[in-house]
Amino acid sequence: TITDATIVSTSNDDSLVIKDKHRLSDDVERIVQEHLKYVSEDVSHGWDLIHQDGEMKVYRREVEENGIVVDPLKCFHTIKGVTGHELCQYFWEFQYRMDWETTLDSTKIIEVLDPDTMVFFQVHKRVWPAAQRDSCFWSHIRCISNSEEDQPTWLVVNYTTSHPLAPIKSPQVRLVANVALICETIICEPPLNPQDIKRENIQCKLTYVAFVNPGGWVPSAALRGVAKREYPRFLKRFTSYVIEQTRNKPILF
Ligand code: 6CM
């Protein structure tokens, strides 16, 4: 029977994959659906464009909770020559993380919940004069088929959770994150035969959203300054890394 299982399409060949539920399945499902809804909400009211570089646009909304800056962030980018699957794979997989993440001292997998969902514990680089931060979050990758003709949407969600293997150890401060990378592949001037699609025929529309609570007071101006500098830097470095890694590899649709 499949009564206690979730059925999720995780492949882009339309096959349904039956997966066992785990203790965080409902949480994962709820947050994924929230991101899918949120991604299409526009940024015309209340959002400031804080950085633009070619196709990359970074917006934020200034929000404070109990005097702590928790500004939501929304970034858009279009990257030539890579697919959404490739971007999400390099973002999600542990083995590549330290190649493109410049804001971490360490990362480790502390639990595998299912083949698409891991729990990570990360120690962030200390930014003087603030205390060092760490984070513990589940990270889930998914492929969503939109229609027969369209390329599927790929997404990764990183969402804070507590875990017995990652107790909070003062003076380190636990940050709280809810981050999503959502990618849509576009085929430009598609050749008649799909087998002939080359990297020059593909581009990817990326949306990256982040809600981060630094988990303790940090001077507002300093935190906003760090965010304004580091998110564009991350997007640039991460996307260039994926372009470089995939350049001479077969396209992963
Ligand atoms: O999404 C990114 N990386 C993922 C994999 O590591 C993961 C990380 C989420 C946490 C991002 C929070 C960084 C904010 C650190 C603030 C520390 C306080 C500083 C005090 C300053 C005075 O989803 C890319 C993350 C890119 C971050 C710029």
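The values are calculated or read from the model by the stated rules, or taken from the named source; none is laboratory data. Since this is a predicted model, take the numbers as computed values, not measurements. Cβ atoms come from the backbone with ideal geometry, glycine included; neighbour counts cover every protein chain shown. We work out accessible area using only protein heavy atoms, side chains counted, and drop any ligands, DNA or RNA first. Shrake-Rupley method; radii C 1.70, N 1.55, O 1.52, S 1.80 Å.
General remarks:
- Close Cβ contacts (under 6 Å, 6 or more residues apart or on different chains) running from residues in the stretch 100-113 that are within 25 Å of A227 (Cβ to Cβ) to residues that are near the ligand (Cβ under 8 Å from one of its atoms) and basic (K, R) comprise T107/R97.
- In this structure, E244 does not qualify as more than 8 Å from the ligand (Cβ to nearest atom), in contact (Cβ under 8 Å) with a residue 60 or more places away in the chain, open to solvent by 50 Å² or more (accessible area, probe 1.4 Å) and not hydrophobic (A, V, I, L, M, F, W, C).
- Among the residues of this structure, H85 does not count as one that is part of a strand (DSSP E or B), touching a residue at least 60 places away in the same chain (Cβ under 8 Å) and either touching a strand residue (DSSP E or B) at 6+ places or on another chain (Cβ under 8 Å) or within 11 Å of the ligand (Cβ to nearest atom) (or both).
- Matching residues in the stretch 43-75 - criterion: being charged (D, E, K, R) and open to solvent by less than 60 Å² (accessible area, probe 1.4 Å): R60, D71, K74
- Residues (touching a residue at least 24 places away in the same chain (Cβ under 8 Å) and under 23 Å from W154 (Cβ atoms)) located in the stretch 116-134: D116, T117, M118, V119, F120
- Residues of the stretch 121-151 satisfying the condition of being open to solvent by less than 20 Å² (accessible area, probe 1.4 Å), of a type in the set (S, T, Y) and more than 24 Å from R224 (Cα to Cα): S139
- Per the listing P171, P164, the residue uniquely out of contact with any strand residue (DSSP E or B) (no Cβ under 8 Å at 6 or more places or on another chain) and under 22 Å from I68 (Cβ atoms) is P171.
- Boolean, A210 is open to solvent by less than 40 Å² (accessible area, probe 1.4 Å), within 11 Å of the ligand (Cβ to nearest atom) and among the hydrophobic types (A, V, I, L, M, F, W, C): yes
- Here the condition is being open to solvent by less than 30 Å² (accessible area, probe 1.4 Å), more than 15 Å from the ligand (Cβ to nearest atom) and β-branched (V, I, T); of T161, T107, T185, it holds for T185 alone.
- Criterion: touching a Lys or Arg at 6+ places or on another chain (Cβ under 7 Å) and assigned to a loop (DSSP other than H, G, I, E, B) - qualifying residue of T78, T107, T102: T102
- Scanning the stretch 215-236 for residues that are surrounded by 18 or more Cβ atoms within 10 Å (Cβ to Cβ) and more than 6 Å from the ligand (Cβ to nearest atom) yields G215, A227, P232, L235.
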